[in-house]
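Read the structure below first, then the notes.
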Amino acid sequence: MFDFQYYAPTRVVFGRGAEARTGQLLRELGVNRVLVHYGGQSAVRSGLLDRVEASLDEAGIAHTRLGGVVPNPRLSKVREGARLARDFGAELILAVGGGSVIDSSKAIGYSLAEPEEDVWDLYARKRKPRGCFPVACVLTIAAAGSEMSNSSVITNEETGEKRGYRNDLCRLKLAIMNPELTVTLPPYQTAAGCTDILMHTLERYFTQGGTLELTDRIAEGLLRTVMKSALILRDDPANYDARAEVMWASSLSHNDLTGLGANGMDFVPHGLEHELGGMFDVTHGAGLSAVWPAWARYVYRDCLPRFVQFAVNVMEIRPGASDEETALAGIAALEDFFRSIHMPVTLKELGVEPTEEQILAMAASCAKGAGGKKGTAKVMYEADMAEIYRLAR
């Protein structure tokens, strides 16, 4: 195993009706003025936004709201939110929504802490932040894990670039999590969310060198639990226990717990998907399932022991005549699982058929965003990334 540091400072309040305590919990943080940030009209129509704001009113916390966050959250909305929060004198950004809303809120937090700087410079890797305003959330989608992670992903619609940035300064002060709020999600979004959760752990699982056995068992247990719960929710969307399992897995999968003791994280599939999202505006989880099988078949020989372990311990594959046979059976089994929850396993199934010119452009952008190379299962360069896009077609 490798040495590690672990930092997970977010307070989690989890359970039925937890959103009713929002005002009280923020008051405990000493907050007086809040920007309430949210996505579309579902938070309004469902009455959730009214309940949250009533809780803020009861606690004597002044608030203003900004909606309109979309999947693959936009830089222009971040800038709009920063202006509004600054004019209002907000002391905290409260995200009411899923990963896109939380990521947008984190970026607003960075903007407020350094108003003289361009926040996009962080995502373009031109500088590091000196601070971030506090962020909290009322979570409505189990997927991105942004509620407990140190990462956020923003799309610059002017350039078509979708970039992620990681820094502990943006970790949330508070995450309010009620699984009941996810019951009304469309089946496709639930499945895409479960896929994203799986990927956050898989990106940490496929690595070279020593690992921590306890971390492996945690990771494998999380993967099996999410797959089991995803199948339950496919057939019984209102199942509270399965919703709760998935919501908590979302947080644990991306707060670094499932990668402790390993020599880094792979995140090549995420990088490849970010380019798809930037160019074609696809659903994140669906984009991940569309590129993962091609990535896995491209790299498995370079990370064979881990793929064999995954096949046996997670996908319950009986060892074959060779390690290669076992590894390939494990990849195929996960591919079959994605199909079973109606997730695409090719770019064509995703509804995207990139030209060779677009493939080369995405590969070049992915490599540039990663500093030239990326990956721990197998180090990838621009040519490798282009080949995976081709294989994924």
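The values are calculated or read from the model by the stated rules, or taken from the named source; none is laboratory data. A quick note: this is a predicted structure, and the numbers were derived from the prediction, not measured. Every residue, glycine as well, gets a Cβ built from its backbone with ideal geometry; the counts of neighbours run over all protein chains shown. The accessibility values were calculated without ligands, DNA or RNA, using every heavy atom of the protein model including side chains. Shrake-Rupley method; radii C 1.70, N 1.55, O 1.52, S 1.80 Å.
Among the residues making up region 340-392, those that are among the aliphatic types (A, V, I, L, M), farther than 30 Å from R234 by Cα and surrounded by 16 or more Cβ atoms within 10 Å (Cβ to Cβ) are I359, L360, A361, M362, A363, A367, A370, A377, M380, M385, A386. Taken over region 100-145, the residue count meeting the criterion of being assigned to a loop (DSSP other than H, G, I, E, B) and within 30 Å of P179 (Cβ to Cβ) is 9. Scanning region 200-214 for residues that are within 20 Å of the chain's Cα centre (by Cα), part of a helix (DSSP H, G or I) and either closer than 19 Å to P305 by Cα or acidic (D, E) (or both) yields T201, L202, E203, R204, Y205. Being open to solvent by 50 Å² or more (accessible area, probe 1.4 Å) and among the aliphatic types (A, V, I, L, M) is the filter; apply it to region 313-339 and report the residue that is farthest from L231 (Cα to Cα). Within region 313-339, the match that is farthest from L231 (Cα to Cα) is A321. The requirement of being modelled with pLDDT under 95, open to solvent by 10 Å² or more (accessible area, probe 1.4 Å) and hydrophobic (A, V, I, L, M, F, W, C) is not satisfied by V69. As a summary of the residue check, T207 satisfies the conditions (1) of a type in the set (S, T, Y); (2) open to solvent by less than 40 Å² (accessible area, probe 1.4 Å); (3) modelled with pLDDT of 95 or more except for the one numbered (3). Answer yes or no as to whether D256 is modelled with pLDDT of 95 or more and more than 19 Å from A383 (Cα to Cα). Criteria not met by D256.
Within region 65-95, being on the phi > 0 side of the Ramachandran plot and among the polar types (S, T, N, Q) holds for one residue alone: N72.
The helices (runs of 4 or more DSSP H) located wholly in region 276-393 that include 1 or more residues which are more than 20 Å from the chain's Cα centre (by Cα), of a type in the set (A, V, I, L, M) and over 27 Å from E158 (Cβ atoms) occupy 284-299, 304-313, 323-340, 382-392. Within region 18-43, being open to solvent by 50 Å² or more (accessible area, probe 1.4 Å) and outside any loop (DSSP other than H, G, I, E, B) holds for A20, R21, Q24, R27, E28, R33, S42.
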